[in-house]
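Just below is one structure, and these are the notes that go with it.
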Amino acid sequence: MNPPPISELYETVDATWPAAALSRVGPWIIRDGRGGGKRVSAATLESNFSPADIAVGQARMAALGQTPLFMIREGEDRLDRALDGCGYSIIDPVSFYACPVAALATGHFTLGSEITQWPPSDIAKEIWAEGGIGAERLDVMSRVKGPRSVIVAQSGGETVGVGFAAVAGRIAMIHAIEVSPKLRRRRAGTAVLHSAADWAKNRGCDYLTLAVTDANRPANALYSKLGMSLVGSYHYRTK
């Protein structure tokens with residue numbers, strides 16, 4: 001099974017980790033992130049641009065109280081060079097991983113014994129908070145329109161890891177994977193991904209995908225070890 005095209009993954013990010021509001025300004029889509037992080041705050045290019053348009057996008061983001069931030073997707077080399085010439089530096093290169101749901105599904109997850117949930121439990125919120133995922137990112141999760149769930153990994157009756165999964169079309173994407181620091185080395189990250197695949201399979205998805213910063217080397221190594229394929233990338237530029 002061929003992986004989904006990169007264009008579909010960009011759309012999946014927007015659907016499964018949505019900004020509070022979108023607006024069109026010149027050639028840009030401007031995202032109002034309301035503190036939810038780079039993915040929901042970065043501007044993206046939607047049509048041909050001139051160098052003067054960079055200042056237009058910059059001004060609109062500043063008016064929202066956001067640091068000007070542009071997402072550079074594959075094939076947008078001209079924009080990348082233009083932003084570099086305007087003093088914008090690369091920050092947080094990100095890679096997409098994907099695999100067929102069947103490759104990670106274990107069959108252990110059933111709708112009759114569901115350990116996933118929405119809204120998140122207090123312990124899920126605590127684990128996320130330990131990793132810096134607070135109220136603003138929980139608000140991002142609450143904005144998702146399609147199927148969504150907290151994915152819970154347990155060991156010895158104890159919650160050791162959580163993630164957030166949502167569905168867009170044939171793709172499930174998992175975000176905010178977090179393992180409690182005091183409970184690591186229990187394969188919690190692996191358990192979260194297997195549970196997410198089971199959940200996605202029960203919702204008819206073909207693929208499980210995620211996006212991770214290149215700087216997070218342990219996570220990149222885990223996803224590769226589990227057989228997920230590197231299928232695309234993007235990065236940000238900011239001043």
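The values are calculated or read from the model by the stated rules, or taken from the named source; none is laboratory data. On a predicted model such as this, the values are computed, not experimentally measured, just so you know. Here Cβ is always computed from backbone atoms with ideal geometry, including for glycine, and neighbour counts include all displayed protein chains.
In segment 123-139, the residues that are closer than 13 Å to Gly33 by Cβ form Cβ pairs under 6 Å with partners that are modelled with pLDDT of 95 or more, at six or more places apart or across chains, as follows: Glu136/Gly35; Glu136/Gly36; Arg137/Gly36. Looking only at residues in segment 96-114 that are surrounded by fewer than 15 Cβ atoms within 10 Å (Cβ to Cβ) and outside any helix (DSSP H, G or I), the one that is modelled with the highest pLDDT is Thr106. Mind listing just one residue for me: the one in segment 55-93 that is within 19 Å of Gly33 (Cβ to Cβ) and free of Cβ contacts under 8 Å to residues at least 24 places away in the same chain and, of those, surrounded by the most Cβ atoms within 10 Å (Cβ to Cβ)? Looking at the filtered set, the residue picked out is Gln58. Among the residues of segment 160-198, those that are closer than 18 Å to Glu126 by Cβ, modelled with pLDDT of 85 or more and of a type in the set (Val, Ile, Thr) comprise Val162, Ile177, Val179, Val192.
Could you check how many residues of segment 52-95 are part of a strand (DSSP E or B) and within 14 Å of Trp28 (Cβ to Cβ)?
5
Suppose we keep only residues that are of a type in the set (A, V, I, L, M) and under 16 Å from Thr67 (Cβ atoms) within segment 28-54. Which one would you say is farthest from the chain's Cα centre (by Cα)? Only one residue tops the list, namely Ile54. Scanning segment 216-230 for residues that are under 15 Å from the mean Cα position of the chain (by Cα) and either under 21 Å from Ser7 (Cβ atoms) or touching a residue at least 40 places away in the same chain (Cβ under 8 Å) (or both) returns Ala219, Asn220, Tyr223, Leu230. Among the residues of segment 173-215 satisfying the criterion of being free of Cβ contacts under 8 Å to residues at least 40 places away in the same chain and among the β-branched types (Val, Ile, Thr), which is farthest from Val40 (Cα to Cα)? Here the residue is Thr190.
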